[in-house]
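Novice: Shown below is the structure under consideration.
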Amino acid sequence: MSHDEPIKTGSAQEMARVQAAEARILPATATDPKSVKVQKSTGQGMDIEWKDGHKSHYTFAWLRDACPCATCNEERDASGRKIGAPPKPKPGALPMYKDPVRPTEISPIGKYAINFHWNDGHSSGIYSWEFLRRECPCVECRNGTQH
């Protein structure tokens, strides 16, 4: 491991999935956005058109549930929840109204990522363009027919 590679931790199953995904080499045009549109005022989510022509749509709920920070990764590992899937309610918990998830602030992180400050107070996730493309929730990507 070189000094500039991040240290990765997690369950053996999650680490195997991450390593398999990372072994799949994506061309630079697949992880470089041509345009990014965050529809904060309408609450519609974020649309990315990639330089290879692929288009991805991410709802704000999906983005919040896919947060790549260490705390959210640990919670997903412990619960078995997949990236982008909503958390399961605790057994016996009464359903409570929650405001729809939305970003209160959006910030670019260099030329490689984006960060959201969410209305629930969470803000530690850095969504790299590579992460967003690898986890693209569109039907083609989920079925393995895109990339």
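Residue-wise test of (1) over 12 Å from the mean Cα position of the chain (by Cα); (2) charged (D, E, K, R); (3) at negative phi.
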site	(1), (2), (3)
Gln44	yes, no, yes
Ala61	no, no, yes
Ala66	no, no, yes
Gly80	yes, no, no
Lys88	yes, yes, yes
Arg102	yes, yes, yes
Ser107	yes, no, yes
Arg133	no, yes, yes
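Novice: Those residues that are under 19 Å from Glu135 (Cα atoms) and either open to solvent by less than 100 Å² (accessible area, probe 1.4 Å) or assigned to a helix (DSSP H, G or I) (or both), I need them from region 80-97; list them, please.
Specialist: Selection gives Gly80, Arg81, Ile83, Gly84, Ala85, Pro86, Pro87.
Novice: Now for a different question. Of the residues Arg142, Arg133, which single one is open to solvent by less than 90 Å² (accessible area, probe 1.4 Å) and charged (D, E, K, R)?
Specialist: Arg133
Novice: Hey, among Ala16, Ala30, which residue is more than 14 Å from the chain's Cα centre (by Cα), loosely packed, with under 12 Cβ neighbours inside 10 Å, among the aliphatic types (A, V, I, L, M) and modelled with pLDDT under 95?
Specialist: Ala16
Novice: Filter region 98-123 for residues that are touching a residue at least 40 places away in the same chain (Cβ under 8 Å) and surrounded by 13 or more Cβ atoms within 10 Å (Cβ to Cβ) and give the result.
Specialist: The answer is Val101, Arg102, Pro103, Ile106, Ile114, Phe116, Trp118, His122.
The values are calculated or read from the model by the stated rules, or taken from the named source; none is laboratory data. In this text, all values refer to a predicted model and were calculated from it rather than measured experimentally. Because the Cβ atoms are built from the backbone with ideal geometry, glycine has one as well, and the counts that use them run over all protein chains shown. We work out accessible area using only protein heavy atoms, side chains counted, and drop any ligands, DNA or RNA first. Shrake-Rupley method; radii C 1.70, N 1.55, O 1.52, S 1.80 Å.
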